[in-house]
Amino acid sequence: MSVRVRIAPSPTGNLHIGTARTALFNWLFARHHGGQFLLRIEDTDIERSKPEYVENILSGLQWLGLQWDEGPFFQTQRLHLYQAGIQKLLAKGLAYRSYETPEELEQLREAQRAQGLPPRYDNRHRHLTPEEEAKFIAEGRQPVIRFKIDDDREIRWQDMVRGEVVWQGKDLGGDMVIARASGQPLYNFVVVMDDIDMGITHVIRGEDHIGNTPKQILLYEALGAPVPKFGHTPLILNQQGAKLSKRDGATSVDEYRMMGYLPEAFNNYMLLLGWSPPDTRELYTLEEAIPVFDFDRINKAGARFDLDKLNWINSQYLHQKETKELLPLVLPFWQAAGYSIDQEGDREWLMAILDLIKPSMTVLKDAVGLASYFFTDLPDYKEAAKEILQQPQTKTVLQKAKEILETTPRLAAEQAKATIDGLGKELGLKKGAVMKPLRCALTGDVHGPDLLISLALLHQKHKALPRLHYALHL
Ligand code: GLU
């Protein structure tokens, strides 16, 4: 039997990192087994589902390269299927119409609370007589559909992550609503209908769904369908060990994309969130992970989100990337920062800048700050740089450098070195005493990327002389 798995996000928010990680595990499992990975949008919650979230989920999965083989399927387009399922359960006597008013249910809950009992439905409308039912209908009550759950049932499954899991029917809250009075079918029911219809063999999802699984297993049995295998993956936690939330920082994939993380690095990081590789390597591309990925190496404990590790992985991928591949990824960040760029005409110059700053980058967005002095007319002079520019010796160095540049229209990095060396000798100054004022005048900072290359690149765009001039007149 070929493996068929799915990711089934609800479009009630942007693609969350937890959903993306579950998608990754499903995708890897499918690829490892030569199976199929399906995408299903669970949009039956009409009030909270939004088209922009659907868009965000699809584009996020595509950005990560987690391409699905079938779908996207939308539950709102499959309501006829769920109606048929409900009719089937009603006809078999495994589900029934239940007519309590919200007030009656609230009274029941209140009474349970008063006795310190957990909330549960007491199955009071399970055996209504036709007369009782007719009376409720005459009162204008709209029934929900409830699925019968027997208290004395024991439900067991062999979880792909957690091993044997056992639940008692009496802990499932009584007969479960599978469709609202409005006719809207509910999560546990539609998910099972769809997983049966789509031939899903393995349900791999977050541990927060573990309490739904016994209810779903009962529904499989009631619908006469084989029960798939279940695997509940550990939750993503914050550094304190609580569930990761918005307060801990970015939780949607989109936010990481906009900060300038690379999809391959983000996948690599998510892979290690909850899965241990068979060796000590930390860098795994998806292609490398496919043959070694299995559920024996999924951890049971929650996985702590570690931004430092994500940053380290991202910088590794970024530094390994060829500059010509990096350029189109960095350009949108430069453009968004308002740098005026001639992509075609300046290509070589831009590549040289990127070569220069690449080793200092952790995320793509770092290119904005690191390269800003190349794009502005004058750099943003930091206080420490201004101080150096005020020193008496500075003027001599800058004046001399200006004279040399005025007679040297083009300067390669090697020439820049010879020029600076010559300048030091002529003025009887150490290299540092020449470089520091020059760096401050040209870049506005006391630290930064290689100065000689910076000088050559700035001079090429006629940006070096005006800066020397400006600094000399500060
Ligand atoms: N729509 C559910 C969610 O987003 C899917 C759960 C499942 O995979 O069964 O959490």
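Bear in mind that the values in this text are calculations on the coordinates, not laboratory data. Computed from a predicted structure; not experimentally measured. No Cβ is skipped: glycine too gets one built from the backbone with ideal geometry, and neighbour counts run over all protein chains shown.
Values computed for the structure shown
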item	result
Per-selection metrics, segment 282-322 (Cα): Rg and Dmax in Å	12.8, 38
Loop trypsin sites (Lys or Arg not before Pro), segment 366-444, which have at most 15 other Cβ atoms in a 10 Å radius of their Cβ (DSSP)	LYS382, ARG410, LYS430
Kirkwood Rh, Cα atoms: Rg over Rh of segment 341-398	1.09
Taking only Cα atoms of the chain, radius of gyration then Dmax in Å	31.9, 111
FRET E, pair ASN311, GLU139, Förster distance 56 Å, beta-carbon r, rounded to 0.05	0.35
Alpha carbon centroid spacing (whole Å) that separates segment 449-474 from segment 302-324	33 Å
Rounded Å value of the spacing that divides the Cα centres of segment 228-275 and segment 134-173	32 Å
Extended-chain gain in nm, criterion 0.36 nm per residue less alpha-carbon gap, HIS469 and GLN184	95.3 nm
For segment 31-144, the fraction of alpha-carbon pairs in successive 5 Å shells from zero, as %	2, 8, 12, 12, 12, 13, 12, 10, 9, 7, 3, 1
Around GLY13: net Lys/Arg minus Asp/Glu count, Cβ-Cβ under 11 Å	+1
Stokes-Einstein D (µm²/s) once Rh is taken as the Kirkwood radius of segment 1-65 over alpha-carbon pairs, at 20 °C in 1.002 mPa s	176 µm²/s
GluC sites (Glu not before Pro) lying in DSSP loop within segment 52-143, provided at most 10 other Cβ fall within 10 Å	GLU139
Gain upon complete extension [LYS92, GLU387; 0.36 nm per residue less C-alpha separation]	97.6 nm
Ratio Rg/Rh [Cα only; Rh per Kirkwood] for segment 287-417	1.14
Summed side-chain charge close to GLU106 - residues other than GLU106 whose Cβ falls under 13 Å, Lys, Arg +1, Asp, Glu -1	-2
Loop trypsin sites (Lys or Arg not before Pro), segment 59-93 (other Cβ atoms within 10 Å of the site Cβ: 15 or fewer; DSSP)	LYS92
Karplus-derived 3J(HN,Hα), 6.51/-1.76/1.60, for each residue of segment 220-228, Hz, glycine and proline x	4, 4, 5, 8, x, 10, x, 7, x
Length released on extending from GLN343 to VAL166, taking residue separation times 0.36 nm less the Cα-Cα span	57.6 nm
Using alpha-carbon coordinates, inclination of helix 102-114 to the longest axis of the chain, degrees	80 degrees
Principal-axis tilt of helix 413-427 within the chain, Cα atoms, nearest 10 degrees	50 degrees
Of LYS382/LYS417; LYS400/LYS425; LYS400/LYS430; LYS400/LYS463, pairs whose Cα-Cα distance is over 19 Å	LYS382/LYS417
